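For reference, the structure discussed in these notes is given below.
The values are calculated or read from the model by the stated rules, or taken from the named source; none is laboratory data. This is a predicted model, so every value here is computed, not measured. As a convention, Cβ positions derive from the backbone with ideal geometry for all residues, glycine included, and neighbour counts pool all protein chains shown.
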Amino acid sequence: MNALQTRRNVVRGLAAAAALTLASPSFAQSAARVVVIGGGFGGASCARALRRIDPALQVTLIEPNRVFTACPFSNEVIAGLRELKSQQFTYDRIIAEGVTVIAQAATRIDPSTRTVGLADGTTLGYDRLVLAPGIDLRFDALPGYDEAASTKMPHAWKAGEQTALLRRQLEAMEDGGTVVLAVPASPSRCPPAPYERASLIAHYLKANKPRSKVLILDAKDAFPQQRLFENAWKELYPGMIERIALSQGGRVVSVDPATNTIVTDFGNYPAKVANVIPPQKAGRIAEIAGAADHTGWCPIDPVTFASKLVPDVHVIGDACIAGGIPKSASAANAEAKACATAIISLMAGKSPETPRLNGACYNTVAPGYAFSLSGLYQPKDGQFVEVEANVTSPVDAPREVRQREADTAQAWFKTITVDAFG
C-alpha cells in the first residue's frame, strides 16, 4: 500500500468509525450522566459518540461559544485563500442527536461531589467527566507579551478574531515589509502549523507584495516534515523565507509591542507584521480540576484516557499528555471516540479494549500543493507510541502528487468537520 492510499484510508476511516458507533449496541442502558467540557473536535466528537453508542446516556456538552471556529485550514484564511465563515460550525446537529449543550463556561469542578460549577452559579452533577479544553496560551512565559500585546502582535493560535486580525495586518502592510513569526518550543498545538503558515503568508506576499519577506524565529532546531517544507520554500518562494533555528540564535526571549520588535539572545528583529505564538498549556479548566501537572499538561491512562490525578475524569485532545501522538484535530477526534467507548465499558463493568488510533496531518504550502504525515498509535508503557513508522509524503514527489494530497486534505477537512459537528 503506498503513502497516498494510506492517507486516503485515514480519511475513509473517520466516516467508517462514525458508522460503526452508530451501529454499536447499547452497553450501559442507563441514565448515567456524562458531562463533556469543551466543544472542539475532541469534545464535540466525544459527546456525539457517547450518545450514538448508548442513547440512554444523559450527555451534556459545556461550551461557552455558540459557534466553533476550526484551526485546521485557518492559515488559508490568513493568506486570503478562504473566508473565516468556512471555518465555523454550530452545535445544532449535536443538539438534534440528544446532547444537551450549555452555552456557558465551566468555572469550578469538585471531584469529591462530582459536580461542575457554571459561570451563572448553577451546578451540574456527573458520573463521568470528560475534559476537552484544548490549549491556553501562556501569556506569562514571554516577557512583554500579554493579551493586550496580542491585539498588536497577534498569535492567531486560536482561530477567530485573531485570525482575521493577522489577515488584515498583512493586507495593510506596504510592499517590502518583513513578517516575523515567533515559534515556541515543543509541546504545542499542531507542530507543523507555523511552517505551513509561513508558507501561505509567502504565497500571499509573492502575489501581492513581492518585495516582502518572511522571517521565522524558532525555539527548535528541527520540526516535522522539515525537508518537505524547505524543499517547497526553495521551489516556490526562493529568497522569501528565512528561518533562524534555536542553535543559530532563533529563540525569542521577549517582545516589545510599542516598537513591534521581537528579541532573541542574539539580536533584535523589527517587524512590519509580528506573529507571536507563545508557549502553551492545557486549557484553564484542566488546572482548575486538578488534572494538569507541573508541565501544564494532563497525564492520562492511554487505555481509558482517565486522568492520573483526578478520579472519574477523562482528558482528551490537545490538553493531554499523549506520548507520540501530535496535538491535532485528527488525534482529538480519534481520542474522543476511543474515550467514549472506554467510558461505556467502564460504566458497564467491563474492561475497555486497548485503542489503536489513526492520526493524519496535512500541510498546504500553496494552492494545489500539499503533503502529509499519518500514523497509527497504541498504548505501551503508559503512553501512546507509534505502532509502525509514520507514513510521510515522499520528498521528491511530482506536482501531480502534491495536487492529489491537496485534494485529499480538503476531503479530510470536510469529513472530520461533518463527523464532529454534522
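For the stretch 280-291, indicate whether the set of residues that are in a loop (DSSP other than H, G, I, E, B), modelled with pLDDT of 95 or more, touching a strand residue (DSSP E or B) at 6+ places or on another chain (Cβ under 9 Å) and not small (Gly, Ala, Ser) is non-empty.
At the first step, the residues of the stretch 280-291 found to be in a loop (DSSP other than H, G, I, E, B) are 283, 290-291.
Restricting the remaining residues to those that are modelled with pLDDT of 95 or more gives 283, 290-291.
Filter once more, so that each one left must be touching a strand residue (DSSP E or B) at 6+ places or on another chain (Cβ under 9 Å): 283, 290-291.
From what is left, the residues that are not small (Gly, Ala, Ser) are none.
The answer is no; no qualifying residue exists.
Among Arg167, Arg189, which is surrounded by 13 or more Cβ atoms within 10 Å (Cβ to Cβ), in contact with a Cys (Cβ under 9 Å, 6 or more places away or on another chain) and touching a residue at least 60 places away in the same chain (Cβ under 8 Å)?
Details: Arg167 fails: in contact with a Cys (Cβ under 9 Å, 6 or more places away or on another chain).
Just one listed residue meets the conditions, Arg189.
Only one residue in Gly317, Gly382, Gly324 is over 30 Å from Tyr237 (Cβ atoms), in the same structural domain as Val77 (by TED's automatic domain parsing) and at pLDDT below 95. Which one? Explain how you work it out, then say what you get.
On the way: Gly317 fails: at pLDDT below 95; Gly382 fails: in the same structural domain as Val77 (by TED's automatic domain parsing).
Exactly one residue qualifies, and that residue is Gly324.
Return the pairs, sorted by first residue and then second, in which the second residue is of a type in the set (Val, Ile, Thr), the first residue lies in the stretch 78-103 and is on the phi > 0 side of the Ramachandran plot, the beta carbons are less than 9 Å apart, and the residues are 6+ apart or on different chains.
Cβ pairs passing all conditions: Gly98/Val59.
Would you pick out the residues in the stretch 342-376 that are in contact with a Phe, Trp or Tyr (Cβ under 9 Å, 6 or more places away or on another chain) and within 30 Å of Ala56 (Cβ to Cβ)?
The answer is Ala342, Ile343, Ile344, Ser345, Met347, Ala348, Lys350, Pro355, Arg356, Leu357, Asn358.
Here is a yes/no grid of residues against (1) touching a Leu at 6+ places or on another chain (Cβ under 7 Å); (2) within 30 Å of Asp92 (Cβ to Cβ); (3) of a type in the set (S, T, N, Q):
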| residue | (1), (2), (3) |
| --- | --- |
| Thr304 | yes, no, yes |
| Asp312 | yes, yes, no |
| Ala334 | yes, yes, no |
| Cys361 | yes, yes, no |
| Pro367 | yes, no, no |
| Tyr377 | yes, no, no |
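Could you tell me how many of the residues in the stretch 37-62 are assigned to a loop (DSSP other than H, G, I, E, B) and of a type in the set (Lys, Arg)?
Within the stretch 37-62, the subset assigned to a loop (DSSP other than H, G, I, E, B) is 38-40, 54-57.
Still in the list and also of a type in the set (Lys, Arg): none.
Qualifying residue count, the stretch 37-62: 0.
Pairs please, first residue from the stretch 382-411 and at positive phi, second anywhere and in a strand (DSSP E or B), Cβ atoms under 9 Å, 6+ apart in sequence or on different chains.
As it stands, the answer is Gly382/Pro299, since those pairs meet every condition given.
Would you check if there is a residue in the stretch 139-153 being in contact with a helix residue (DSSP H, G or I) (Cβ under 7 Å, 6 or more places away or on another chain), of a type in the set (Asp, Glu) and either in a loop (DSSP other than H, G, I, E, B) or not assigned by TED's automatic domain parsing to the domain that holds Val214 (or both)?
Within the stretch 139-153, none of the residues are in contact with a helix residue (DSSP H, G or I) (Cβ under 7 Å, 6 or more places away or on another chain), of a type in the set (Asp, Glu) and either in a loop (DSSP other than H, G, I, E, B) or not assigned by TED's automatic domain parsing to the domain that holds Val214 (or both).
What number of residues within the stretch 54-82 are over 30 Å from Gly368 (Cβ atoms) and out of contact with any helix residue (DSSP H, G or I) (no Cβ under 9 Å at 6 or more places or on another chain)? Please lay out each step first, then the result.
Residues of the stretch 54-82 over 30 Å from Gly368 (Cβ atoms): 54-66.
If we keep only those that are out of contact with any helix residue (DSSP H, G or I) (no Cβ under 9 Å at 6 or more places or on another chain) as well, we get 55-56, 58, 64-66.
Qualifying residue count, the stretch 54-82: 6.
Specify which of the listed residues (Val310, Val276) is more than 18 Å from the chain's Cα centre (by Cα) and not polar (S, T, N, Q).
Unique residue meeting the criteria: Val310.
Scan Gly160, Gly249 and give me the residue that is over 21 Å from Ser74 (Cβ atoms), of a type in the set (Gly, Ala, Ser) and either touching a Leu at 6+ places or on another chain (Cβ under 8 Å) or not assigned by TED's automatic domain parsing to the domain that holds Lys85 (or both). Step through it out loud before you land on a result.
Numbers: Gly160 fails: over 21 Å from Ser74 (Cβ atoms).
Step by step, each of Gly160, Gly249 is checked, and only Gly249 is over 21 Å from Ser74 (Cβ atoms), of a type in the set (Gly, Ala, Ser) and either touching a Leu at 6+ places or on another chain (Cβ under 8 Å) or not assigned by TED's automatic domain parsing to the domain that holds Lys85 (or both).
For the stretch 266-286, which positions are more than 22 Å from Ala340 (Cα to Cα) and of a type outside the set (A, V, I, L, M)?
Phe266, Gly267, Asn268, Tyr269, Pro270, Lys272, Asn275, Pro278, Pro279, Gln280, Lys281, Arg284
Within the stretch 304-320, is there a residue that is farther than 26 Å from Gln162 by Cα, touching a residue at least 60 places away in the same chain (Cβ under 8 Å) and surrounded by fewer than 18 Cβ atoms within 10 Å (Cβ to Cβ)?
Yes, the stretch 304-320 has at least one match.
Filter the stretch 78-122 down to residues that are among the charged types (D, E, K, R) and in a loop (DSSP other than H, G, I, E, B) and give me whichever is nearest to Leu205 (Cα to Cα). Working first, answer last.
Going through the stretch 78-122, the residues among the charged types (D, E, K, R) turn out to be 82-83, 85, 92-93, 97, 108, 110, 114, 120.
After this cut, where a residue has to be in a loop (DSSP other than H, G, I, E, B) as well, the list is 82-83, 97, 114, 120.
Values: Arg82: 16, Glu83: 18, Glu97: 44, Arg114: 52, Asp120: 46 Å.
Checked the stretch 78-122; the qualifying residue nearest to Leu205 (Cα to Cα) is Arg82.
Tell me, yes or no, whether the stretch 22-36 has at least one residue that is part of a helix (DSSP H, G or I) and modelled with pLDDT under 95.
At the first step, the residues of the stretch 22-36 found to be part of a helix (DSSP H, G or I) are 22-23.
The next check asks that each one be modelled with pLDDT under 95; those that pass are 22-23.
Yes, some residue in the stretch 22-36 is part of a helix (DSSP H, G or I) and modelled with pLDDT under 95.
Somewhere in the stretch 232-246, is a residue of a type in the set (Gly, Ala, Ser) and either in a strand (DSSP E or B) or touching a Gly at 6+ places or on another chain (Cβ under 8 Å) (or both)? Show your work before the answer.
Let us first name the residues in the stretch 232-246 that are of a type in the set (Gly, Ala, Ser), namely 232, 239, 245.
Right, trim to either in a strand (DSSP E or B) or touching a Gly at 6+ places or on another chain (Cβ under 8 Å) (or both) and you get none.
Checked against the condition, which is being of a type in the set (Gly, Ala, Ser) and either in a strand (DSSP E or B) or touching a Gly at 6+ places or on another chain (Cβ under 8 Å) (or both), the stretch 232-246 yields no hits at all.
Give the residue that is surrounded by the most Cβ atoms within 10 Å (Cβ to Cβ), with candidates limited to residues of the stretch 133-151 that are farther than 26 Å from Leu61 by Cβ and touching a strand residue (DSSP E or B) at 6+ places or on another chain (Cβ under 8 Å). Quick ask: steps written out before the conclusion?
We begin by selecting, within the stretch 133-151, every residue farther than 26 Å from Leu61 by Cβ; these are 138-151.
Remaining after also requiring touching a strand residue (DSSP E or B) at 6+ places or on another chain (Cβ under 8 Å): 138, 142-145, 149-150.
Values: Arg138: 14, Leu142: 22, Pro143: 12, Gly144: 17, Tyr145: 27, Ala149: 20, Ser150: 20.
Of everything passing the filter in the stretch 133-151, Tyr145 is surrounded by the most Cβ atoms within 10 Å (Cβ to Cβ).
What tally of residues in the stretch 86-120 results from selecting those that are in contact with a Ser or Thr (Cβ under 9 Å, 6 or more places away or on another chain) and small (Gly, Ala, Ser)?
Final tally of qualifying residues: 2.
Can we say Lys308 is of a type in the set (Lys, Arg), closer than 18 Å to Ala47 by Cα and modelled with pLDDT of 95 or more? Give the steps one after another, and end with the answer.
Working: of a type in the set (Lys, Arg): yes; closer than 18 Å to Ala47 by Cα: no; modelled with pLDDT of 95 or more: yes.
No.
In the set Ala397, Ala342, Ala360, which member is more than 18 Å from the chain's Cα centre (by Cα) and not assigned by TED's automatic domain parsing to the domain that holds Ala96?
Working: Ala342 fails: not assigned by TED's automatic domain parsing to the domain that holds Ala96; Ala360 fails: more than 18 Å from the chain's Cα centre (by Cα).
After ruling out the rest, the residue left standing is Ala397.
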